[in-house]
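S.K.: Structure provided below as structure tokens; questions to follow.
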Amino acid sequence: MLILNIEPVNRVLLLYSNRGGDSLMKFRTLLLWCTLLLPMAATGAVDSILRSGHPDVYRVARGDTLWGIASMFLTEPWLWPEIWYVNSDIENPHLIYPGDQIILQYVGASPRLTVRRASAERRFKLTPEHRIQNSDNYEKLEPRIRVKPLSAPIPAIPLDAIASLMSKGRIVEEDTLSLAPRILSGKSGRLIFGSGDQVYARGNWPELTSVYGIFRPGNVYIDPVSEEILGFEAIEVGSAKIQDRAEDLITFTIISAREDVRIGYRMMLTEQQPVKSIFYPSSPDIQINGVILNVLGGVTQVGRYDVVVINRGSRSGLDVGNVLSIAKKGAPVKDRFDRGVLDLPASRAGILMLFRVFEKMAYGLVLQASEPLRVGDVVQTP
């Protein structure tokens, strides 16, 4: 909202009125131009968030993501919620499906994005269904129509880029992994096991279920500034099903294995916390300053759709869907005059979105990268 304080204008008007007709006429002309130009300036400020050459209407297609669509309309995709119009007549307007239309409209000088649903024929499949009703000595078939959605809502980010982390990566406290039951041996007498093999595990089982995850220790994350231990990485390498139990010794059959299972690996309950796919990109409410601790996947340089670990989490005010800018860490240079060394300012080189947030850390997907990034580069509120 543009607020104009007219009290100084009144004072100047009074001043010019005391100077005579010509001066008063010049001021009135100046005031008229200001009246005409201020709304134009305000409109320009609002339109500045729109990308040049943006479409007015876009039909959502299979394979689209919310981030990709937002990038078509906006210079900064995380500003999407600021102009998204929630139509109360549409059931859950936050969900966008293939076939829907995204429409750019103006309310006064303010742009708005809204959704026009595809017709029911395009979004749902009708199939016949027969239900058997029992009544005394006969059966009756009653025809019904089963309505099934043709497609799921589009995700916010490319889910295939983080599919392996939906259950694989977890940050835990030190005792969570070290005190969990461990694999002692296998029936085959081997040291390495895979799907179909039987293994023995022993330990304290506070809660028994039929299927357990098999975990190995990963990285220990330490804050590079405070040197605080932020968390211990537990990597799920497979799952196993209980076959037999003798007190605290349990026989398992490995039902899946992403990698080799070894003696000493831990057995823990599989985490029932899927990665969210339906959320809206947003800037954090507070100023965030952190660094990239690690890039997953065994690479050293970070690029688009790589997953990184940062040293900030929910205790810093971060949440799933928050967007952070990535800045290249400034190179050290030698000051020949003061004979000292200083770091050059960081320069923005990318954007990431958080898809999983822990207390002290978070996983983020790099969505934009103008140049190769590295561990140690800065992440901050955009």
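S.K.: Any idea how many residues of segment 175-194 are out of contact with any Lys or Arg (no Cβ under 8 Å at 6 or more places or on another chain) and within 11 Å of residue 264 (Cβ to Cβ)?
M.R.: Result for segment 175-194: 1.
S.K.: Looking only at segment 191-223, count how many residues are outside any strand (DSSP E or B), farther than 17 Å from residue 181 by Cα and open to solvent by less than 80 Å² (accessible area, probe 1.4 Å). Please lay out each step first, then the result.
M.R.: If we filter segment 191-223 for residues that are outside any strand (DSSP E or B), which is where we start, we get 191, 194-197, 203-210, 223.
Filter again for farther than 17 Å from residue 181 by Cα, leaving 191, 194-197, 223.
Those still in the list that are open to solvent by less than 80 Å² (accessible area, probe 1.4 Å) too: 194-197, 223.
The total comes to 5.
S.K.: Moving on to the next point. Scan segment 62-70 and tell me whether some residue there is surrounded by 11 or more Cβ atoms within 10 Å (Cβ to Cβ), modelled with pLDDT of 90 or more, in contact with a helix residue (DSSP H, G or I) (Cβ under 8 Å, 6 or more places away or on another chain) and closer than 30 Å to residue 98 by Cβ.
M.R.: No, segment 62-70 has no match at all.
S.K.: Tell me, which strands (runs of 3 or more DSSP E) wholly within segment 291-361 include 2 or more residues that are buried (at least 19 other Cβ atoms within 10 Å of the Cβ)?
M.R.: Because the criterion is at least 2 residues that are buried (at least 19 other Cβ atoms within 10 Å of the Cβ), the strands (runs of 3 or more DSSP E) in segment 291-361 that meet it are 307-310, 323-328, 347-357.
S.K.: Would you pick out the residues in segment 228-274 that are open to solvent by 30 Å² or more (accessible area, probe 1.4 Å), assigned to a strand (DSSP E or B) and not basic (Lys, Arg)?
M.R.: Passing the criteria: 229, 232, 242, 243, 244, 246, 249, 255, 256, 257.
The values are calculated or read from the model by the stated rules, or taken from the named source; none is laboratory data. For clarity, every value in this text was computed on a predicted model and none was experimentally measured. Glycine gets a Cβ as well: all are built from the backbone with ideal geometry, and neighbour counts include every protein chain shown. Protein only, heavy atoms only, side chains kept; ligands, DNA and RNA dropped before computing areas. Shrake-Rupley method; radii C 1.70, N 1.55, O 1.52, S 1.80 Å.
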